[in-house]
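Asker: Below you will find the structure I want to go over with you.
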Amino acid sequence: TTSLYLDLIGIKRQNAELKGQLAELNAQLSAFTELKLENERLNNLLGFKQANKMNLLAARVIGRDLLPDHNTITVDRGLSHGVQKNMAALTIGGVVGYTFRVENESSRILLLTDRYAVIDALVQRSRAQGLVEGMSLTNCRLRYLKRSDDVKVGDLVVTSGLFNLFPKGFPIGTVTSID
């Protein structure tokens, strides 16, 4: 009986040690998973940079505007990195917005969904040209089209390349409804 009791004490101590090791390994696994996901994102960006002829500069988002009236982000690249006002902000998926305030070590980007953002665009299928204006946190509006322009739900809207702010043909979004 005494031997069984001492074995139980030893097993209890070993169980506590194993629980501690398990918690530590779970924390490490979580950190490794985050590093793996970041590595995949960076590999995608590297492939994007190599596939394009544009002079691209990678940046990290370090802040978001808390005011409900504005839809902006702050990135960790600025004048010292070669960023200038009105430079395009792009991702692999398409247009993000453009820089509107540049400081030495950071820049503010006006997102294309901001109500003050305006981007010259065209419907890829029909070449109908208009302006994309921000409306809300998730939506934009393609305006100033002719009534006769051929636009359908599902059409891809791309940058027109005018004013050399954005490269021509870069995705902005898709038409979700027509008024």
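Asker: In the stretch 1-15, is there at least one residue being among the aliphatic types (A, V, I, L, M), more than 28 Å from MET135 (Cβ to Cβ), in contact with a Lys or Arg (Cβ under 7 Å, 6 or more places away or on another chain) and open to solvent by 40 Å² or more (accessible area, probe 1.4 Å)?
Answerer: No; the residues of the stretch 1-15 include none that is among the aliphatic types (A, V, I, L, M), more than 28 Å from MET135 (Cβ to Cβ), in contact with a Lys or Arg (Cβ under 7 Å, 6 or more places away or on another chain) and open to solvent by 40 Å² or more (accessible area, probe 1.4 Å).
Asker: Within the stretch 34-66, take every residue that is farther than 25 Å from SER80 by Cβ and at pLDDT 85 or above and give me the one that is least open to solvent (accessible area, probe 1.4 Å).
Answerer: The residue in question is LEU37.
Asker: So, LEU25, is that one under 30 Å from ALA58 (Cα atoms), among the aliphatic types (A, V, I, L, M), modelled with pLDDT of 90 or more and open to solvent by 80 Å² or more (accessible area, probe 1.4 Å) or not?
Answerer: Judged against the criteria, LEU25 is not a match.
Asker: What about VAL123, is it open to solvent by 90 Å² or more (accessible area, probe 1.4 Å) and within 18 Å of ASP179 (Cβ to Cβ)?
Answerer: no
Asker: When the residues of the stretch 70-123 are filtered to those that are among the charged types (D, E, K, R) and in contact (Cβ under 8 Å) with a residue 24 or more places away in the chain, which remaining residue is nearest to MET54 (Cα to Cα)?
Answerer: Here the residue is ARG77.
Asker: For the list (1) open to solvent by 90 Å² or more (accessible area, probe 1.4 Å); (2) under 23 Å from VAL75 (Cβ atoms), I need the number of the one condition that LYS146 fails.
Answerer: With (1) open to solvent by 90 Å² or more (accessible area, probe 1.4 Å); (2) under 23 Å from VAL75 (Cβ atoms) applied to LYS146, the lone miss is (2).
Asker: For residues that are under 18 Å from the mean Cα position of the chain (by Cα) and either of a type in the set (S, T, N, Q) or over 20 Å from ASN39 (Cα atoms) (or both), scanning just the stretch 67-76, find the one that is modelled with the lowest pLDDT.
Answerer: The residue in question is HIS70.
Asker: Would you call LEU42 outside any strand (DSSP E or B), closer than 28 Å to ASN164 by Cα, of a type in the set (A, V, I, L, M) and touching a helix residue (DSSP H, G or I) at 6+ places or on another chain (Cβ under 9 Å)?
Answerer: no
The values are calculated or read from the model by the stated rules, or taken from the named source; none is laboratory data. Predicted model, so just to flag it, every value in this text is computed and none were measured. Ideal geometry is used to build each Cβ from the backbone, glycine not excepted, and the neighbour counts take in all protein chains shown. In case anyone asks, the SASA skips ligands and DNA or RNA and just uses the protein heavy atoms, side chains included. Shrake-Rupley method; radii C 1.70, N 1.55, O 1.52, S 1.80 Å.
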